[in-house]
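This report concerns only the one structure given below.
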Amino acid sequence: MPNERLATLIPLPQHVEQRSGELVLRSPVGVAADGGAAAVANLLCVELSRATGLRFEFADAAAAQIVLRTEAGDSEHYRLEVDAQRAVISAPSVGLIHGVYTLRQLLPAANWRSAPLPGVTWSAPACVVEDRPRFGWRGCMIDVTRHFAAKQTILRFIDLLAMHRMNRLHLHLSDDQGWRVEIKAFPRLTEIASHRPHTGLGFATSPNDPNDGTPHGGYYTQDDLREIVAYAAARGIMVIPEIDLPGHSRALTAAYPEFGCFPDKTVEVGTYFGISSDLVNPLPHTIAALETILDELLAIFPAPWIHLGGDEAPLDPWRNSPAIRAHMASLGVESAEAMRTWFTAHFAEFLAARGRRLIGWDEIIHYGGLAPDSAIMSWRGEKGGMKAAAAGYDVVMAPVFPTYFDYAQSDSADEPLAIGQSITLEDVYAYEPSAHWNDKSTFSKVLGVQCQLWREVILDDAHLEYMAFPRVCALAEVAWSEQRSDFDAFRARLAHHLERLDHYGVNYRPLEGPRPWQKGGTGRKAYQMRFNIKEALAWLDNWAESGEPPL
Ligand code: ACM
């Protein structure tokens, strides 16, 4: 009889072998850890003592019920062996974290609570799990600009990503509708650019569209972000910051009009959505300011990757500005396109000089200017990724279909507000990043996959969790598991896995459809079909060969 917990691990490990018997944790639970495992052991003791009420204490390996053994290297593989006496996890230190999360999936799902329930036996089935990820980049992007996520929401989300062995959190920190990071050299970014007086309803694209009449905003202090980075790192997750340049810069230029293209225009933080012409200018004083901003950012985020956006930037403002034209002439740059190449090259070099790598949305491959170690996030389908990989760049696959989790999870009008219809759980699970790759030899440049939670129409925390889960569970398996099951088997495993999310209190979408209170109703979250996914994909595919959006 297969053990239920062992049979419902998500993401599916590479190798699982059930043995007979079980381990029952009893107070005091001895934990043995060598020096390299001390931080992981500490995390395990803190989180499991809180959830189980058992006392955890450090012990010699011979007496311990949980043993963490550090291997050399930085690989994410791990081996977990459970017998009636102990659970032993052997791995390089980042692999140890994944081993701990697998052990937690073997324990009763109530270990995802914040305080103990009475009467739970803290048992885990005897087994051997040998595991390693398929991809090194298993990412999730959260847009905290269109709707802000409080620090506690991000910390909670990190717990959920770690539970699924996801290892990259990409924070989209700047956009037309808000600037979300404290920059000490430019205080108006938080005084002015971090909030807006109201938000257009639905996917509003004009200031004349109806709005909610409610101010919205927020930002993270540098210490908030340091806390987020450390919390994530302890759970095996790297946080990648994004400052979107040169487009999507309305909030930035509302705070500092001198960095925009129209010094005489009154720019206000965006209250509606779509592609805007509020680019930063590429003039020396702006480039210097952006460098100062990036230097502050680099001091917060230790990640080797810095995301500089690069999407949806119509270049007419650069073409039409006399000051920019004069500057281009002084540089001998002959077109706005060539100026974009210069812009990317400048910041790729700036980051390289500081030991970091530039990553950006796939428009940047069109203009060039990348450093050899720059990377591309392929969002307008997969062509950009293939082109970048063929040119030797690393690639993260983030195509709208099926990784944009702001699309509805079904075609039913019961779904709450979404950007369009639909990307189902099955669509996500069926995603095979290599399927359309004509030249399989360049697929080795694919670092991994990432889901996107754009938040124009994801209004609050409950809505965010609803859109994310359980699709993140499916993407985690696409990203982690070399061998996937068929969808029906995944769905059966997931039905049990959702109990883990229940204990944590996640507002996921049940497999049968939204609960009554999760439906869109007729109010603010009423379902709208702004983009039909097929039409959106055709439009993106048409655009994918070029840089500027076909407005
Ligand atoms: C994007 O969706 N504009 C990257």
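Keeping to the stretch 1-33, report how many residues are modelled with pLDDT under 95, in contact with a strand residue (DSSP E or B) (Cβ under 8 Å, 6 or more places away or on another chain) and either loosely packed, with under 13 Cβ neighbours inside 10 Å or farther than 18 Å from Tyr101 by Cβ (or both). The number of residues fulfilling the criteria is 1.
If you check Lys445 against the conditions, is it of a type outside the set (Phe, Trp, Tyr), at pLDDT below 95 and open to solvent by 20 Å² or more (accessible area, probe 1.4 Å)? No: the conditions fail for Lys445. Contact map, the stretch 267-295: residues that are touching a residue at least 12 places away in the same chain (Cβ under 8 Å) paired with residues that are aromatic (Phe, Trp, Tyr) and assigned to a loop (DSSP other than H, G, I, E, B), Cβ distance under 6 Å, separation 6+ or inter-chain. Pairs shown: Phe273/Phe203. In summary, Asp159 fulfils each of the numbered conditions (1) more than 15 Å from the chain's Cα centre (by Cα); (2) within 17 Å of Ala233 (Cα to Cα) with the single exception of condition (1). Among the residues here, Tyr508 does not qualify as open to solvent by 40 Å² or more (accessible area, probe 1.4 Å) and touching a residue at least 40 places away in the same chain (Cβ under 8 Å).
Among the residues of the stretch 284-291, are any at pLDDT 95 or above and touching a His at 6+ places or on another chain (Cβ under 7 Å)? Looking through the stretch 284-291, at least one residue is at pLDDT 95 or above and touching a His at 6+ places or on another chain (Cβ under 7 Å). For the stretch 63-86, does any single residue satisfy the condition of being touching a Pro at 6+ places or on another chain (Cβ under 7 Å), of a type outside the set (Ser, Thr, Tyr) and on the phi > 0 side of the Ramachandran plot? Yes, the stretch 63-86 contains a residue that is touching a Pro at 6+ places or on another chain (Cβ under 7 Å), of a type outside the set (Ser, Thr, Tyr) and on the phi > 0 side of the Ramachandran plot.
Results for (1) within 12 Å of the ligand (Cβ to nearest atom); (2) in contact (Cβ under 8 Å) with a residue 40 or more places away in the chain; (3) within 17 Å of Tyr431 (Cβ to Cβ); (4) open to solvent by less than 20 Å² (accessible area, probe 1.4 Å), shown as yes or no for each residue.
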| site | (1), (2), (3), (4) |
| --- | --- |
| His366 | no, yes, no, no |
| Ser378 | yes, no, yes, yes |
| Glu382 | no, yes, yes, no |
| Gly385 | no, yes, yes, yes |
| Ala388 | no, yes, no, yes |
| Gly392 | no, yes, no, no |
| Met397 | no, yes, yes, yes |
| Val400 | yes, yes, yes, yes |
| Thr403 | yes, yes, yes, yes |
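Evaluating Ala408 against the criteria (1) open to solvent by 10 Å² or more (accessible area, probe 1.4 Å); (2) in contact with a Ser or Thr (Cβ under 7 Å, 6 or more places away or on another chain) leaves one unmet condition, (1).
Helices (runs of 4 or more DSSP H) fully within the stretch 146-260 that include at least 3 residues being in contact with a Ser or Thr (Cβ under 9 Å, 6 or more places away or on another chain) and crowded, with 22+ Cβ neighbours inside 10 Å: 250-255. Of the candidates Arg138, Arg134, Arg104, Arg113, the single residue that is under 27 Å from the mean Cα position of the chain (by Cα), charged (D, E, K, R) and buried (at least 22 other Cβ atoms within 10 Å of the Cβ) is Arg138. Scanning the stretch 392-413 for residues that are charged (D, E, K, R), in a loop (DSSP other than H, G, I, E, B) and at pLDDT 95 or above returns a single hit, Asp406.
Against the criterion of being closer than 18 Å to Ser378 by Cα, more than 16 Å from the ligand (Cβ to nearest atom) and open to solvent by less than 10 Å² (accessible area, probe 1.4 Å), Ala474 does not qualify. Residues being at pLDDT 95 or above and in contact with a strand residue (DSSP E or B) (Cβ under 8 Å, 6 or more places away or on another chain) are represented in the stretch 336-346 by at least one member.
The selection criterion, being in contact (Cβ under 8 Å) with a residue 12 or more places away in the chain and under 30 Å from Leu475 (Cβ atoms), does not hold for Asp60. Just one of (1) within 16 Å of the ligand (Cβ to nearest atom); (2) crowded, with 21+ Cβ neighbours inside 10 Å fails for Ser321. It is (1). Residue pairs whose Cβ atoms lie under 6 Å apart, separated by 6 or more positions or on different chains, with the first residue in the stretch 305-320 and over 14 Å from Tyr367 (Cα atoms) and hydroxyl-bearing (Ser, Thr, Tyr) and the second more than 10 Å from the ligand (Cβ to nearest atom) and modelled with pLDDT under 95, do not occur. If you check Ser485, Ser422, Ser444 for being closer than 19 Å to Phe203 by Cα, away from the ligand (no atom under 16 Å from the Cβ) and among the polar types (S, T, N, Q), only one passes: Ser422.
For the stretch 1-24, filtering for residues that are touching a Phe, Trp or Tyr at 6+ places or on another chain (Cβ under 9 Å), assigned to a loop (DSSP other than H, G, I, E, B) and among the aliphatic types (A, V, I, L, M) leaves 2.
The values are calculated or read from the model by the stated rules, or taken from the named source; none is laboratory data. Keep in mind that what you see is a predicted model, and the values were worked out from it rather than measured. When we count neighbours, we look across all protein chains shown, and the Cβ atoms used for this are built from the backbone with ideal geometry, even at glycine. Quick note on the areas: whole protein, heavy atoms, side chains included, nothing else; ligands and nucleic acids left out. Shrake-Rupley method; radii C 1.70, N 1.55, O 1.52, S 1.80 Å.
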